[in-house]
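Peer 1: Shown below is the structure under consideration.
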Amino acid sequence: MAKAPPAKLQPWVEAQRRHHLTDVQVQMARELGLNPKKFGKLDTHRQEPWKAPLPQFIEEIYYKRFKRSAPLPKAAHSVSKPPVPKEHEAEDQQPAQGRDS
């Protein structure tokens, strides 16, 4: 028997099932900070033909904000180096003074 998802992910699981979203689209929506409880009013209805389908809408706003069509793989997030402060970069680039070659 499959384990139940954590309580904080339960609304996302329900929204994914109800609105026919893929795992990638759910990840995009989470990174965008969307509220899964509000997907009902974002989703198209036959009375609102001007709205894009919810999966397409999520992909469009994700691209507009992050300038990429899909989220980065999880491995890429954990491998990145911490940023180096500007003062340390300048020391590494300048040759040491006072030494004769």
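Peer 1: For a 28 Å ceiling on Cα separation, which of these pairs sit above it: K41/K67; K38/K64; K37/K64; K37/K67; K41/K64; K3/K64?
Peer 2: K3/K64
Peer 1: Here's something else I'd like to know. What does the C-alpha gyration tensor say about the overall shape of segment 8-70? Classify as rounded when a/c is under 1.5, otherwise prolate if a/b is larger than b/c, or oblate.
Peer 2: oblate
Peer 1: May I pose another question? For segment 36-42, take each phi angle, set θ = phi - 60°, evaluate the Karplus expression 6.51 cos²θ - 1.76 cosθ + 1.60, and give the result in whole Hz per residue in order, putting x for glycine and proline.
Peer 2: So the J values, rounded to whole Hz, are x, 6, 9, 4, x, 7, 7.
Peer 1: Can you figure out the FRET efficiency of Q47 with Q10, using R₀ = 22 Å and their beta-carbon distance, to the nearest 0.05?
Peer 2: Efficiency, from the Cβ-Cβ distance: 0.15.
Each reported figure results from applying straightforward, stated rules to the coordinates on display, with no laboratory input. Just so you know, these numbers come straight off a predicted model, no measurement behind them. So basically every Cβ, Gly included, is an ideal-geometry build from the backbone, and we count neighbours across all protein chains shown.
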